[in-house]
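The values are calculated or read from the model by the stated rules, or taken from the named source; none is laboratory data. Since the structure is predicted, the reported quantities are computational estimates derived from the model, not experimental observations. Methodologically, a virtual Cβ is constructed for each residue, glycine included, from the backbone with ideal geometry; neighbour enumeration extends over all protein chains shown. Heads up: the accessible areas ignore ligands, DNA and RNA and are worked out on the full protein's heavy atoms, side chains in. Shrake-Rupley method; radii C 1.70, N 1.55, O 1.52, S 1.80 Å.
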Amino acid sequence: MEKEQYMKEALKEAKKALEKNEVPIGAVVVLNDEIIGRGHNCRENRNSVVGHAEIIAIEQACKNIGSWKLDNCSIYITVEPCPMCAGAIMQARIANVYYGASDEKAGAFGSVFDLTTIQGFSHYPHVRKQIMEKDCSKLMQTFFKNIRAKQQKD
């Protein structure tokens, strides 16, 4: 599969979050051209600070392969990971990170800071951004536009 095909799968996950009134972020973990983990945001519904798409996809991938080490895996995420998720990606030893939209408020792979430039970690993933950026950004922009419109009505 092409990178865009995996990002389309991450977008499907993001749309699941949107249907649940969650911030529409989705992620998939891929190993040997097979999706082994999927996740979408569920912080509000689970009342969980760690209910991020990346964390859920990573946990599912680890369970599916029976290891916490995801050395040869790639993760596709609709939005740039926050510091918690970037740290989990690095701790899981994921080889490649592909994300769509940058996150100017919490992005930890280049927007606010870049975790891969801090020396001393035992693993650094290869990071590629702006995969289907317009589609990923549009989903987020529409979500927050709708929230603002609703708040103005209330």
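Worth pointing out:
- Considering the conditions (1) modelled with pLDDT of 95 or more; (2) outside any helix (DSSP H, G or I); (3) among the aliphatic types (A, V, I, L, M), Met90 is excluded by exactly one of them, (2).
- Some residue of the range 92-102 being open to solvent by 80 Å² or more (accessible area, probe 1.4 Å) and of a type outside the set (Lys, Arg): no
- Residue pairs meeting the criteria (Cβ under 8 Å; at least 6 apart or on separate chains; first touching a residue at least 40 places away in the same chain (Cβ under 8 Å) and under 25 Å from Lys134 (Cα atoms), in the range 65-93; second of a type in the set (Asp, Glu) and surrounded by 15 or more Cβ atoms within 10 Å (Cβ to Cβ)): Ile75/Glu54; Tyr76/Glu9; Ile77/Glu54; Thr78/Glu13; Val79/Asp103; Glu80/Asp103
- One residue from Gln119, Gln151 being more than 18 Å from Ala14 (Cβ to Cβ) and either touching a residue at least 40 places away in the same chain (Cβ under 8 Å) or assigned to a helix (DSSP H, G or I) (or both): Gln151
- Across the range 35-66, the qualifying residues are those that are under 16 Å from Tyr98 (Cβ atoms) and outside any helix (DSSP H, G or I), and the one among them that is most open to solvent (accessible area, probe 1.4 Å) is Arg38.
- Sole residue being in contact with a Gly (Cβ under 9 Å, 6 or more places away or on another chain), over 20 Å from Lys8 (Cβ atoms) and free of Cβ contacts under 8 Å to residues at least 24 places away in the same chain, chosen from Glu59, Glu104: Glu59
- Single residue of the range 106-128 satisfying the filter (surrounded by 14 or more Cβ atoms within 10 Å (Cβ to Cβ) and of a type in the set (S, T, N, Q)) that is nearest to Glu80 (Cα to Cα): Ser111
- Here Thr142 fits the description: in a helix (DSSP H, G or I), modelled with pLDDT under 95, in contact with a helix residue (DSSP H, G or I) (Cβ under 9 Å, 6 or more places away or on another chain) and not acidic (Asp, Glu).
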